[in-house]
Amino acid sequence: MVNVEKSSMPQPSRPERRKSVDEGTDIGQRWAETLRNEIDSYFEMMKKFNSKPPFEVLQDLSSIVSRVAEIRVILSRSNNVTAQAIRTKEVDPLLDAAEKLFRIHSRLIALQEKEYDTNRGQF
């Protein structure tokens, strides 16, 4: 019989568990501050959309909305008062602003397509 030490055997890797917002006030406060900084950075990105072509804006909005939706789900699962405040006062308004910008820039793309079609027919 072969004697193999248990520590030398490879152990299956376990996915790292996400920390909940509710796990300790210190972790929760640091996480809340990190979230607020991330949300602020998205608002800063959105302020610069007027200098970008509409199709690039839609691409950026897509990535922002997917990340913020993930954050919203995490916050919604928590009973933490701070988490709920961030969701209702910061995340939801960001999603609303992103939706409005999506509508505006989608319309700009439609107008550009119509202008292209009109100009193409004149030649």
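Among Asp92, Asp117, rank each residue by its count of other Cβ atoms within 10 Å, from fewest to most, as a rough exposure measure. Each step should come with its number before you reach the end.
Details: Asp92 14, Asp117 9.
Fewest to most other Cβ atoms nearby, the residues stand as Asp117, Asp92.
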For the stretch 25-121, what does the relative contact order come out to in percent, with C-alpha contacts under 8 Å and a separation of six or more?
35 percent
Ordered by fewest other Cβ atoms within 10 Å, a rough proxy for footprinting exposure, Glu33, Glu38 read Glu33, Glu38
Beta carbons within 10 angstrom, averaged per residue: use that to sort the peptides 108-115, 53-60, highest first.
53-60, 108-115
Of the listed pairs Lys52/Lys89; Lys47/Lys114; Lys52/Lys100, which have alpha-carbon separations greater than 18 Å here?
Lys52/Lys89; Lys47/Lys114
Placing each pseudo-label 7 Å from Cα in the direction of the beta carbon, Tyr116 and Glu70 end up separated by a distance in nanometres of 3.1 nm
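All of the numbers you see were taken from the coordinates with simple rules; none came from a lab. Every value quoted in this text rests on a predicted model; they were computed, and no experiment measured them. Reconstructed Cβ throughout: ideal geometry from the backbone, glycine too, with neighbour counts over all protein chains shown.
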